Amino acid sequence: MTKYPFLAVLLLAAIATLSSCGLLHKPQTLTPLDQETINRLRPGLLPRYFANFKARNVAELPDDDSTRYKTWLGEPIPQLDNQFGIGEVFGSGSSRTIGIRMRGMIYFPKSGTYTFQALSNDGVIMYVGDTVVVSDPVQHSDQMSEETTIEIAEAGIYPVRVDYFQRKGTAALRLFWKTPDNDTMTIVPTSSFGHLPAD
């Protein structure tokens, strides 16, 4: 029996809160891609667009094969460093009510600690494998997400997915990271992204 049970309860609550906010993550257990797959990669992330997406939370994006929305694959997106204003969002042909699911790979040049953060308008969720590394999913004006840190056990190329939506007004999506060699937030470079060609 702890001498200070109330403090123990507070500590457990704090840990639970940090975990629910995505600020604590177990080390990555993914295996980097094999060389044969790497040889097939093309630059950028491959987007699937969802037309007339009027939800206020990007978590409501459906599965890729959903018939609820008109969907289509677009041209690869080379980098996430975009201030669209009131103009077209990526290559969607639209400036509003558009959902986008970007799939591909991300290159981690060495093992160690990586920290992600995004500026978005509206919402965004990003996964490395099944691990959420950016979570700011609801409708909002330009704002920075919470920083989220993960440990990459082995340098290499890993699966990545970015879900994003723009409901109305201005739009933006910029992705930043800190790497083991740099403790300053910088834009994730174009050279870090790739995708497998669609069948």
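The label point for R42 and the one for D81, both projected 7 Å from the Cα toward the Cβ, are 2.3 nm apart.
Fewest neighbouring Cβ atoms within 10 Å first, the residues F193, F116 line up as F116, F193. Between S111 and A155, the modelled labels are 1.2 nm apart [label points 7 Å from Cα along Cα→Cβ]. By the count of neighbouring beta-carbon atoms within 10 Å, fewest first, S66, S120, S92, S111 end up ordered S66, S111, S92, S120.
At q = 0.11 Å⁻¹ the log10 of I(q)/I(0) for the stretch 35-189 amounts to -0.41, computed by Debye summation with a single uniform scatterer per C-alpha, solvent ignored.
Stretching the chain fully between T190 and S66 yields a gain of 41.6 nm (0.36 nm per residue, less the alpha carbon separation).
Ranking D81, D63 by Cβ neighbours within 10 Å, fewest first, what do you get?
Working: D81 15, D63 9.
Lowest to highest Cβ neighbour count: D63, D81.
By how many nm would the segment from D34 to D142 lengthen if fully extended, with 0.36 nm per residue of separation less the alpha-carbon distance?
Numbers: separation 108, 0.36 × 108 = 38.88 nm, distance 3.79 nm.
Full extension of this stretch gives 35.1 nm more.
Taking the Cα centre of the stretch 35-189 as the origin and placing charges on Cβ (Lys, Arg +1; Asp, Glu -1), which of P189, T148, L45 is farthest toward the positive end of the dipole? Of P189, T148, L45, it is L45.
Where a number appears in this text, it was derived from the coordinates with a stated rule and is not lab data. If you're wondering where the values come from, they're calculated on a predicted model, not measured in any experiment. Positions of Cβ are generated from backbone atoms using ideal geometry, with glycine treated the same way; all protein chains shown enter the neighbour counts.
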